[in-house]
Amino acid sequence: MAGVLQDGGTGSETEVCQCAEVRGLVLACLCSPNPLHCVACRGEIGGEALGLAGREIEELRRCFAVNGALFELWLESGEYADFAKTSLLNPEGQVNRDGMEMARRLSTRWPTYYWWFQDAEDGEAEKCPSCGEELDRSVEWGSGKCERCRVMV
Ligand SMILES: [Zn+2]
Ligand SMILES: [Zn+2]
């Protein structure tokens, strides 16, 4: 089910990746300041463990802090919820442009995808939220991915 990933409640979102090797990464804001997740098991992976430079880890944190703040605003369903959702879905929006850029950069070392916000009430995504192409369904979690945009939903 789309969106279940970010609904939380089970505590599973803070689990750490135990895979023997990292096959790929998903950059997602899942209730933790660290956006690095395993493409296979969804567990968290520390930037230090991957050998990322301190500067890169800091940049990721900063980028996803904005993403997380918007997500919180949306969750609270208050005055700014619509603004937050519009920002998170906007292909030209800063969080999405930055997220895709980070995924592109990390992809030179591991296949990396940027996890795009989705409201479960809007139904499951069939097309890439960035370019509108049909999604590649060969994913271990989520609905699908777009190789061109480095996006996963
Ligand atoms: Zn893993
Ligand atoms: Zn795309």
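Do the conditions hold for Trp116, that is, is it of a type outside the set (S, T, N, Q), in contact with a strand residue (DSSP E or B) (Cβ under 7 Å, 6 or more places away or on another chain), closer than 14 Å to Val151 by Cβ and surrounded by 14 or more Cβ atoms within 10 Å (Cβ to Cβ)? Spell out the reasoning first.
Numbers: of a type outside the set (S, T, N, Q): yes; in contact with a strand residue (DSSP E or B) (Cβ under 7 Å, 6 or more places away or on another chain): yes; closer than 14 Å to Val151 by Cβ: yes; surrounded by 14 or more Cβ atoms within 10 Å (Cβ to Cβ): yes.
Considered against the rule, which asks whether it is of a type outside the set (S, T, N, Q), in contact with a strand residue (DSSP E or B) (Cβ under 7 Å, 6 or more places away or on another chain), closer than 14 Å to Val151 by Cβ and surrounded by 14 or more Cβ atoms within 10 Å (Cβ to Cβ), Trp116 comes out as yes.
Which residues, taken from the range 102-140, are under 12 Å from the mean Cα position of the chain (by Cα) and within 20 Å of Val22 (Cα to Cα)? Don't jump to the end; show me each part of the working.
As a first pass, look at the range 102-140 and keep what is under 12 Å from the mean Cα position of the chain (by Cα): 102-103, 112-118.
Passing the criteria: Met102, Ala103, Thr112, Tyr113, Tyr114, Trp115.
Selection of first residues in the range 51-78 that are over 15 Å from Asn34 (Cβ atoms) and touching a residue at least 12 places away in the same chain (Cβ under 8 Å) and of second residues that are outside any loop (DSSP other than H, G, I, E, B) and of a type in the set (D, E, K, R), restricted to Cβ pairs under 6 Å at least 6 apart or on distinct chains, gives the following pairs, ordered by first then second residue: Trp74/Lys85. Filter the range 134-153 down to residues that are surrounded by fewer than 19 Cβ atoms within 10 Å (Cβ to Cβ) and part of a strand (DSSP E or B) and give me whichever is farthest from ligand 1 (Cβ to nearest atom). Per the criteria, the residue is Glu134.
Close contacts from the range 112-133, counting a first residue that is under 14 Å from Met100 (Cβ atoms) and a second that is more than 16 Å from ligand 1 (Cβ to nearest atom) and hydroxyl-bearing (Ser, Thr, Tyr), with Cβ to Cβ under 8 Å and a gap of 6+ residues or different chains, come to Trp116/Ser130. Of the helices (runs of 4 or more DSSP H) lying entirely inside the range 1-114, the ones with 3 or more residues being within 16 Å of ligand 2 (Cβ to nearest atom) and at pLDDT 95 or above are found at 94-106. Among what's in the range 120-133 and is in a loop (DSSP other than H, G, I, E, B) and either in contact with a Leu (Cβ under 8 Å, 6 or more places away or on another chain) or of a type outside the set (Asp, Glu) (or both), pick the residue that is farthest from ligand 2 (Cβ to nearest atom). Within the range 120-133, the match that is farthest from ligand 2 (Cβ to nearest atom) is Gly123.
The values are calculated or read from the model by the stated rules, or taken from the named source; none is laboratory data. Worth saying up front: this structure is predicted, and the values here are computed from it rather than measured. Every residue, glycine as well, gets a Cβ built from its backbone with ideal geometry; the counts of neighbours run over all protein chains shown.
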